[in-house]
Amino acid sequence: MIYFDNAATTCMKPPEVAVAVARAIDSFGGVGRGVHEASLDAGMTVFSARQRIANLFGYPNPKQLSFAYNATEALNIAICGLLEPGDHTVTTAASHNSVLRPLFRAQDSGLAEVTIVPIGPDGSIDYDEFEAAFRPNTRLAAVTHASNLTGDVYDIARMAEIAHAHGAFLVVDAAQTAGIVDIDMTSDNLDVVCFTGHKSLYGPQGTGGLCVREGIDIKPFKVGGSGTHSYDREHPSFMPERLEAGTLNAHGVAGLLAGVTYITDKGVDVIRAETQALASRFENGVREIGNVKLYGGGGMDRTGIITLNIGDFDSALVADLLNAEFGICTRAGAHCAPLMHEALGTDQQGAVRFSFSHFNTEEQVDAGIAAITEIAKELS
Amino acid sequence: MREKTLKQVVTFATTSDAMAMEAAAREFGIPGRVIPVPSEISAGCGLSWCAGIDEKEALLAGIEKHSLSYEGFFEVLMY
């Protein structure tokens, strides 16, 4: 198997991730549920993970980092917890459904209005259009840092500046960028960064969270067991517990900590450079193949995603041939990014997404190029 | 028979604050250890930090030096 579906879930993890999870499974108690060794071991691991991840995002206070099940849950927590009746919100057509659907639900229930900033056919955004979308009652802009369809990276520092100039918060969906693109909440003045653990942070599925700038109060949508203040009628108001209820997935967070430690030891810049080199090698290899259409490239940078179609053939057919005949894993279809597909004109055909990891090899990339070459030849 | 002695107990607003204390203690040798919050201070559950009464100065110095957050400082007669 050759795995090029890392934008969905990274399959090849640093070996220490599995080791950390296996150790945790056999040794952890509940975080904050006792002072015995098993509970403290879990608690210290989770605390270390808060420190490591907050530091990765350039934020000095680890207590502002709450864990969640994934980026989707984190985005729901942030968006639903910030909105008030009568608010207006802004997003872009590059957004994943994890942003769009909470906003659409708020719109459909009459809670808030939504303005969607268009994306160009090359994946680019017009920041003047982005600014023009703001209104006096705009409460927040929820934006993706990088398209999960094209890998185009957007200028979140500029978006934050625009949002703040209009008195709004910027909520960033970093599902595609955490661990592979620099994120600096302090220098970029970001308000909320939502992340998932199972993609480029190399953690297990079921890990993720949000880092919230101090002073921003997000109303929790779930309350319950906290391990502290048990006789209080209300859930604790302090971060990070304010946005966490119930026993944390400390087993998963142990793996996430191992993944993030690997990243910080190796360096985000190194991982990005290695990943982009593989993506560029693939892009250059398939660019000249007749009938191959490539998408995106209009962002300020690129993650490790190259998305294509062969002629007008169904993307699902191409992805299935890659899988069945070449053992190559990609993702076809809509990628939970309906508006981005509309922007690219691929809403009917879908697209075949190759998403690379720095754990991939040049030989694997060349096998991918050869497979596309052969499929394009057979289908033409 | 076990007898009660006076202890220095520090309480925290969050589990994370208690873990920050534990981390600093492991790294820098601040005296004491994590204990459940004594019922004399608060009913319910949660984590606190307990040190000997004669370790108060070292405890306070460690908390200040490493900018550790805490909720309250108590002297408690406990087993």
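The values are calculated or read from the model by the stated rules, or taken from the named source; none is laboratory data. Treat the numbers as computed from the prediction; the structure is a model and nothing was measured. Every residue, glycine among them, receives a Cβ derived from its backbone with ideal geometry; neighbour counts consider all protein chains shown. Ligands, DNA and RNA are stripped out before the accessible areas are found, and what is left, the full protein with its side chains, is counted by its heavy atoms. Shrake-Rupley method; radii C 1.70, N 1.55, O 1.52, S 1.80 Å.
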Check your understanding: At the nearest 100 Å², what buried accessible area, both sides summed, do you get for A and B when the probe is 1.4 Å?
Key -> 1600 Å²
Practice item. Keeping to pairs on different chains or 8 or more places apart, tell me how many lysine pairs in the protein assembly as shown have Cα atoms under 28 Å apart. Key: 19
Check your understanding: Restricting to the protein assembly as shown, what percent of DSSP beta bridges are antiparallel, rounded to 5?
Key -> 65 percent
Check your understanding: For the range A:291-357, taking Cα atoms only, what is the radius of gyration to one decimal and the Dmax to the nearest whole Å?
Key -> 11.7, 36
Revision key, fill the gap. Here the Kirkwood hydrodynamic radius of the protein assembly as shown, Cα-based and in Å, equals 23.6 Å
Practice item. Could you state the accessible area per residue of the protein assembly as shown in Å², with a 1.4 Å probe and every protein chain left in place? Key: 41 Å²
Practice item. May I ask for the distance between the Cα centers of the range A:145-189 and the range A:195-211, given as a whole number of Å? Key: 17 Å
Exercise for review: Give the percent of DSSP beta bridges with both residues in the range A:15-266 that are antiparallel, rounded to the nearest 5.
Suggested key: 40 percent
Review point. Rounded, prolate or oblate: which one fits chain B, using the alpha carbon gyration tensor with axes a ≥ b ≥ c (rounded when a/c is under 1.5, else prolate when a/b beats b/c, else oblate)?
Key: oblate
Revision key, fill the gap. In the range B:11-34, accessible area falls by at least 50 Å² from chain alone to full assembly (1.4 Å probe) for B:13, B:14, B:15, B:16, B:19
Revision key, fill the gap. Mean-square fluctuation maximum in Gaussian network of chain A, Cα pairs under 10 Å, restricted to A:74, A:258, A:367, hits A:367
Check your understanding: Where the accessible area of the range B:5-78 is counted over protein heavy atoms with a 1.4 Å probe, how much of it, in %, is carbon and sulfur?
Key -> 50 percent
Study note, to complete from the structure: Which of A:145, A:235, A:251 fluctuates most in a GNM of chain A (C-alpha springs under 10 Å)? That residue is A:235
Point to revise | Size-normalised alpha-carbon gyration radius of the range A:15-266, reference 2.2 N^0.38 Å | key: 1.01
Point to revise | With DNA, RNA and ligands ignored, accessible area of residue A:127 (1.4 Å probe; Å², nearest 10) | key: 30 Å²
Review point. For the range A:15-266, which whole-number percentage of the solvent-accessible area (1.4 Å probe, protein heavy atoms only) is attributable to carbon and sulfur atoms?
Key: 50 percent
Study note, to complete from the structure: Computed about the Cα centre, the charge dipole of chain A from +1 Lys/Arg and -1 Asp/Glu charges at the Cβ has a magnitude in debye, to the nearest 20, of 920 debye
Check your understanding: How much mean residue ellipticity at 222 nm does chain A get from its helices, if each DSSP H run of length 4 or more adds -39500 (n - 2.57) and you divide by all residues, to the nearest 500 deg cm²/dmol?
Key -> -12000 deg cm²/dmol
Revision key, fill the gap. Out of A:216, A:162, A:305, a Gaussian network model of chain A with alpha-carbon springs under 10 Å gives the largest mean-square fluctuation to A:216
Exercise for review: Take the Cβ-Cβ distance between residue A:12 and residue A:157 as r, set R0 to 35 Å, and report the resulting FRET efficiency rounded to the nearest 0.05.
Suggested key: 0.65
